[in-house]
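The values are calculated or read from the model by the stated rules, or taken from the named source; none is laboratory data. These numbers come from a predicted model, not from an experiment. Counting neighbours? That spans all protein chains shown, and the Cβs are built from the backbone with ideal geometry, glycine included.
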Amino acid sequence: MSRLATLLILGLVAGTAYAADERISFPADYKTSFTNYLSLDRVQNEDQIIRLFANPVALEAAAAGKELPNGSVLVGEIYAAKKDKDGKVMKSALGQRIRDKLAAIAVMQKEEGWGSTIPENLRNGDWDFAIFSPDGKRLNKDLNTCRQCHAPLASTQHLFSLEHLSK
């Protein structure tokens, strides 16, 4: 294959991935129309805290013990943990990290056929991801990091917190 053909194919793949990254819109009303179902120290990041919200579609399916349907949306408010003057993460008397500034808002959304546009090793069923700034602007982050982290969780519908949704 010629170098030009290779570059064109890579450009098309990158363009496709970028277009897929744009398909999730910031859910501006999530604080009023979604339910905060879990808040905890973020397992994957030692200096972060996350508050998780789910829309009614996801909550109703989880409560009924069903697979979360298309239209399910989960939002994670990602906060930096407070640090002391030496840069060490501070913890409360309960042993939990103390929340500082809101750093980003992650969105996980499920829609029909979305998985087919993602390489198989990064596929999360029909779930996909987006990351926004606290004011709702899309951040230019590598979403494959999210996809890769959630991909092995097929037994829990690619969610770390499925059991907490079905309260």
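So here's what we get for this one:
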| read-out | value |
| --- | --- |
| Failed condition for L74, given (1) farther than 22 Å from S25 by Cβ; (2) touching a Leu at 6+ places or on another chain (Cβ under 9 Å) | (1) |
| Matching residues in the range 141-167 - criterion: being under 16 Å from I78 (Cα atoms) and of a type in the set (S, T, N, Q) | T145, S161 |
| Filter result for L165 (modelled with pLDDT under 95 and buried (at least 20 other Cβ atoms within 10 Å of the Cβ)) | yes |
| Of the criteria (1) loosely packed, with under 12 Cβ neighbours inside 10 Å; (2) at pLDDT 95 or above; (3) more than 21 Å from the chain's Cα centre (by Cα); (4) polar (S, T, N, Q), which one Q96 fails | (1) |
| Where A103 falls short, out of the listed (1) in contact with a helix residue (DSSP H, G or I) (Cβ under 7 Å, 6 or more places away or on another chain); (2) assigned to a strand (DSSP E or B); (3) of a type in the set (G, A, S) | (1) |
| Subset of the range 114-167 (residues that are hydrophobic (A, V, I, L, M, F, W, C), assigned to a loop (DSSP other than H, G, I, E, B) and within 13 Å of the chain's Cα centre (by Cα)) | L139, L143, A151, L159, F160 |
